[in-house]
1. Can you give me the distance in nm between label points at ARG200 and ALA145, each placed 7 Å from the Cα along the Cα-to-Cβ direction?
2. Under Stokes-Einstein, with the Kirkwood radius over Cα pairs standing in for Rh, what whole-number D in µm²/s applies to the chain at 10 °C and 1.306 mPa s?
3. Report, in deg cm²/dmol and to the nearest 500, the calculated mean residue ellipticity at 222 nm for the chain, where each DSSP H run with n ≥ 4 adds -39500 (n - 2.57) and the sum is divided by the residue count.
4. Which trypsin sites (Lys or Arg not before Pro) in segment 177-233 sit in a loop by DSSP (not H, G, I, E or B) and have at most 15 other Cβ atoms within 10 Å of their own Cβ?
5. Using square roots of five times the C-alpha gyration tensor eigenvalues, list the equivalent-ellipsoid semi-axes of segment 164-282 in whole Å, biggest first.
6. What does the convex hull of the alpha-carbon atoms of segment 87-138 project to on average, in nm²?
7. Relative contact order of the chain: what whole-number percent is it, with Cα pairs under 8 angstrom and at least 6 residues apart?
8. Distances over 21 Å make up what percent of all Cα-Cα pairs in segment 160-227?
Amino acid sequence: MYLMDWYSSLRLAGDSFSAARAPRASFESGAASVSDWGAPAIKATAIAKSFGGSLVLDAIDLAVRPGEILALIGPSGCGKSTLLNILSGLLSPDAGELVIDGTPARQFDDWRRVAYMFQEDRLLPWRTVRDNVAFGLESARLPLAERRRRAADALSLVGLEAVADAWPHELSGGMRSRVALARSLAVRPTLLLMDEPFSRLDPETRSQMHDEVLRIHAGSGMTVVFVTHDMEEAVVLADRIVRLVPRPGRIAEEVDLDDLPRPRIPTDADVAERVRQLRVRS
Ligand SMILES: Nc1ncnc2c1ncn2[C@@H]1O[C@H](COP(=O)(O)OP(=O)(O)OP(=O)(O)O)[C@@H](O)[C@H]1O
Ligand SMILES: [Mg+2]
């Protein structure tokens, strides 16, 4: 799904995250098999990666459909970040094939459409909020006016226009997280990768960020792959959860959450039960 007018569709989505489903008409049945998807946004086949002779990821087969929100879970050291680094193009697999939007990753030349949000917000302390958000656009060879416009749009998406001229040290943890999200969104990605992005936030702020991500996702149709240790976060956000096991990192299980209605309130019985089941199996 390519979004010719990303921000217009976001505006159409408005603020109602209860309507938070991406425009993915062909997938709405929930019963779609991989072969019904059309071209997956990501198709990883038999991916393997070693560090210093030790096999970290092995035989990873993963298909992510366009517009899907996928959570990667698993114990520390099982290779979640390594897999995300491979999906982002930061790291090459030793074996296997990665296809992004129908193009083999080694030929894929538009990594700007892939945004990566790390666990730490990585804001530059000597830049204002606005200039932090614009940072990711500097390599995009866009005219200055366009960079400014996109940065302003991204800040408005996360509700931070009022602090555009503030410095990172003046912001709360939640606001910093929003700036990091805006910086990722400024490149107008079709694929957003997030590695434990909200793990350092207090529960209330984390929950606000979940609403934010779902609202923005609903309007953009972005594909989202995120790593979390928080089962509640996985169940609230994801369409599907993939659990990795360690030594070497392999996919142990996929949990489809298509049947769980949205919005997903953690205190609702069916949501809490899915979280409990995941915790028991982890
Ligand atoms: N650049 C690297 N060089 C050497 N070893 C690495 C490198 N990156 C990761 N590893 C090793 O690969 C394994 C998987 O690491 P990775 O960071 O992917 O795990 P993870 O599932 O993200 O863990 P966590 O939940 O703690 O973040 C670990 O044993 C780690 O030490
Ligand atoms: Mg990690």
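Coordinate-derived values only; no laboratory data. Quick caveat, the model's predicted, so the values are computed rather than measured. FYI the Cβ positions are ideal-geometry reconstructions off the backbone, even for glycines, and counts take in every protein chain you see.
1. So the label points at ARG200 and ALA145 sit 3.8 nm apart.
2. So the translational diffusion coefficient is about 82 µm²/s.
3. -9500 deg cm²/dmol
4. ARG200
5. 26, 16, 15
6. That works out to 4.8 nm².
7. 28 percent
8. Here the tail beyond 21 Å accounts for 24 percent of pairs.
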